[in-house]
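Here's the structure we're looking at; comments come further down.
Please treat every number below as a calculation from the coordinates, not as lab data. The structure presented is a predicted model; accordingly, all values stated were derived computationally and were not measured. Please note: Cβ atoms are built from the backbone with ideal geometry, for glycine as well, and neighbour counts cover all protein chains shown.
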Amino acid sequence: MIERRDGNRPTCRFCGSAGPMGWGWRYSDRGTKHRWRCRACGRTFVEDDGFLGCRVDPEAICAALDQYFRGVSLSRVARHLRTCWGSGRRPGPS
Ligand SMILES: [Zn+2]
């Protein structure tokens with residue numbers, strides 16, 4: 001039936017064990033997230049906010065979606081993304 005979660009604790013991203021212990025907080029410009037430490041494998045991780053593993057900056061995704069829903073065509077959104085956000089970090093002038 002429905003899996004009973006231990007409160008709202010996530011499962012370990014690495015080994016899938018349930019019930020990690022709280023391991024402080026991770027601060028970022030996108031807010032504060034709970035950091036967890038797995039009791040089984042000992043690794044720490046933060047909650048999956050849906051953007052985990054995404055190489056694209058979530059802000060870029062939001063900006064693109066915002067444009068898309070305002071009626072901007074996808075090709076223009078894509079071009080805007082490449083122009084303004086690039087793929088990864090731009091090498092600085094040396
Ligand atoms: Zn684990």
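The H on the amide N of VAL72, modeled in the peptide plane, is under 5 Å from the matching H of no residue at least 5 residues off or on a different chain. If the segment from LEU65 to ALA78 were pulled out straight at 0.36 nm per residue, it would be longer than the present Cα-Cα gap by 3.6 nm.
Of the peptides 66-79, 31-44, the ranking by mean beta-carbon count within 10 Å, highest at the top, reads 31-44, 66-79.
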